[in-house]
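Written out below as C-alpha cells is the structure these notes cover.
The values are calculated or read from the model by the stated rules, or taken from the named source; none is laboratory data. Please read these numbers as outputs of a predicted model, since none were measured by experiment. Here the Cβ is made from the backbone with ideal geometry for all residues, glycine too, and neighbour counts use every protein chain on show.
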Amino acid sequence: MKLNLTKPICFFDIESTGLSVVSDRIVQLAIIKHFPDGRQPEELNELINPGIPISEEAMSIHGITPKMLANKPTFQQVSKKIFDFIGNADLGGYNSNRFDVPMLMEEFARVGIEFSIQQRRLIDVQRIFYKMEPRTLRAALKFYCHKDFENAHDALSDVRATIDVFMGQLEKYETEDFYQEDGTVIPTPIRNDIQAIHDFTNDLNFADATQKFKYNKDGVIVFNFGKQAGLPVGETLSKDRNFYNWILNKEFTSQVKQIVKHEVKKYEKNQKR
C-alpha cells in the first residue's frame with residue numbers, strides 16, 4: 001500500500017541511556033522517511049555517544065554498550081544532519097508521542113536548535129494499536145502481519161516493524177468504525193489519511209507530551225498542575241515573571257518551555273492591540 005501523504009513523514013525510533021526524556025540521552029536514532037511522490041524511502045541510522053553513563057536496565061534492553069559508542073559522534077556533531085534529514089516532515093513512531101518526540105526535542109534544545117512540532121502531524125502507531133488491539137509491538141507484528149519479531153530493540157528493526165504494523169492497521173481497519181464508551185461512533189477513523197489518524201490517536205485535550213498544560217473549553221492553554229491549575233498560561237506568566245523564569249530554568253521539557261514562550265508572547269501581543 002502506498003501511503004496517502006501531503007508532505008513527507010519520518011518514522012523513527014530512539015534507544016537511550018534511560019527512560020527520562022529530560023535527563024537521559026540518545027544512544028541510537030533510526031529514521032525512515034517516506035515521501036508524497038512515492039519515491040524510495042530514505043533511511044538514517046546513527047549510533048551516538050551520549051556523554052553520560054548508560055543504565056544497566058537500558059543496556060539489558062537494547063544491548064548497546066559504552067564500548068560500542070566510544071568512537072561515535074555526539075548528538076551535537078550529528079544534530080544538523082538529523083535536523084536537515086527530518087526537514088518539515090510529519091513524525092511517526094511507536095510510543096513516540098510520550099517518549100521519542102520529547103526526547104528528540106530535548107537533545108536539539110541542548111545544542112541550541114529549536115525543533116518545533118507545531119506544524120507537524122504526529123502518528124503514534126502504539127496509540128492506534130492500544131485503542132484497537134491492546135498488545136505489544138511483537139504481538140502487533142504477529143497479529144497484523146503474521147510475522148515473528150527476531151531483532152527487537154534494535155532501533156532500525158523496530159522502525160521497520162512499526163511501519164509494517166502501521167500498514168497492516170490501515171488494511172485491517174479501513175472499513176471499521178470506532179464505537180466510543182458513550183455510544184457515539186467515529187466513522188472509519190483508521191484510514192489512509194494522516195490528518196484523520198493524527199486527530200483520532202492524539203489526546204487533543206493536552207498541549208504537551210508531559211501533560212503539564214491542557215486546553216480549556218474555549219481552546220485556551222491552561223495549567224494542568226499546581227495551584228495555577230486551570231489558569232491561562234500566557235496571562236498568568238506574563239503577570240508573574242518570577243514564575244515564568246522559574247519554569248524556563250527548571251527541568252521542564254523543551255516543549256513546555258516553547259509553549260510558555262509562545263503563549264506569553266501571544267498574550268502580550270494581543271494586549272497591545
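Quick notes on this one:
- Qualifying residue in the range 95-112 (condition: surrounded by 18 or more Cβ atoms within 10 Å (Cβ to Cβ), under 13 Å from the mean Cα position of the chain (by Cα) and small (Gly, Ala, Ser)): yes
- Restricting attention to the range 89-118, the residues being under 19 Å from MET167 (Cα atoms) and part of a loop (DSSP other than H, G, I, E, B) number 3.
- Number of the exception - ALA161 against (1) surrounded by 13 or more Cβ atoms within 10 Å (Cβ to Cβ); (2) among the aliphatic types (A, V, I, L, M); (3) touching a Phe, Trp or Tyr at 6+ places or on another chain (Cβ under 8 Å); (4) free of Cβ contacts under 8 Å to residues at least 12 places away in the same chain: (4)
- Test: ALA89 is in contact with a Cys (Cβ under 6 Å, 6 or more places away or on another chain), closer than 17 Å to LEU44 by Cβ, crowded, with 20+ Cβ neighbours inside 10 Å and touching a residue at least 40 places away in the same chain (Cβ under 8 Å): yes
- Residues in the range 243-265 that are assigned to a loop (DSSP other than H, G, I, E, B) and in contact (Cβ under 8 Å) with a residue 40 or more places away in the chain: GLU251, PHE252, THR253.
- Selection status of PRO187, more than 17 Å from PRO8 (Cβ to Cβ) and either surrounded by fewer than 20 Cβ atoms within 10 Å (Cβ to Cβ) or among the charged types (D, E, K, R) (or both): yes
- Counting only helices (runs of 4 or more DSSP H) wholly contained in the range 139-242, the ones carrying 2 or more residues that are in the same structural domain as PHE35 (by TED's automatic domain parsing) occupy 155-173, 194-201.
- Selection within the range 132-164 - more than 24 Å from ALA58 (Cα to Cα) and among the hydrophobic types (A, V, I, L, M, F, W, C): MET132, PHE143, CYS145
- Qualifying residue in the range 71-82 (condition: within 21 Å of ILE163 (Cβ to Cβ) and modelled with pLDDT of 95 or more): yes
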